[in-house]
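Everything on this sheet refers to the single structure shown next.
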Amino acid sequence: MGISSYALSKYELHHLEQQVVPESFEILYNGRLYDVTDFVKHHPGGNVIKFYTEFREDATRAIEDFHKGSLDQVHGILKNLKSQPANSNECK
Ligand code: HEM
């Protein structure tokens with residue numbers, strides 16, 4: 001009955017497997033995309049960081065505002081993360 005009687009074809013199963021990719025998170029700061037996949041678990045400010053990874057929102061303002069007294073510490077963490085220049089169409 002219903003959905004339990006629905007069998008996926010081999011093709012459909014294969015297609016689904018292709019789409020299972022490990023979760024990864026990047027954050028846009030000062031024109032660079034930083035890989036924060038591991039850091040999100042340890043961020044002292046918690047899950048709020050994920051808002052910026054999910055929507056590719058530019059996090060520069062938020063990072064500067066939330067860490068006024070600790071920007072050196074933040075930069076120290078960022079320089080040890082994998083990063084790449086963001087494409088110009090991702091900075092909007
Ligand atoms: C990769 C980017 C980020 C890094 C490396 C980072 C790093 C840190 C560090 C080292 C602290 C502890 C020192 C401090 O209180 O300033 C902290 C705390 C905090 N962060 Fe971030 N942060 C990042 C992104 C963000 C974003 C995007 C937000 C908010 C939109 C945020 C919000 C906060 C808040 C609210 C705290 C204070 C937590 C508390 O004291 O209870 N952070 N972050």
Inter-site label distance for Ser9 and Asp38 at 7 Å from Cα along Cβ, in nm: 4.3 nm
Distant-in-sequence amide H partners of Val36 (H built 1.01 Å from N, under 5 Å): Phe25, Glu26, Ile27
Spacing of the two label points (7 Å from each Cα toward its C-beta) at Asn87 and Asp65, in nm: 2.8 nm
Charged-residue dipole, Cβ positions (Lys, Arg, Asp, Glu), segment 22-90 about Cα centre, Debye nearest 20: 140 debye
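Given a Förster distance of 30 Å, report the FRET efficiency between Asp72 and Ser24 from their Cβ-Cβ distance, rounded to the nearest 0.05. Please report the intermediate quantities before stating the final value.
Working: r = 27 Å, r/R0 = 0.89.
Using R0 = 30 Å, I get an efficiency of 0.65.
Semi-axes of the equivalent ellipsoid for segment 22-90, please: Cα gyration tensor eigenvalues, times 5, square-rooted, ordered largest first, whole Å.
For segment 22-90, the semi-axes come out at 17, 14, 12 Å.
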Local electrostatic count at Gly45 - Lys and Arg +1, Asp and Glu -1, tallied over other residues with Cβ under 14 Å: +1
Cβ-based net charge around Leu78, under 15 Å, with every Lys or Arg adding one and every Asp or Glu removing one: -3
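Throughout, read-outs are computed from the coordinates displayed, never taken from laboratory work. Because the structure is predicted, anything quoted here is derived from the model rather than measured. As a convention, Cβ positions derive from the backbone with ideal geometry for all residues, glycine included, and neighbour counts pool all protein chains shown.
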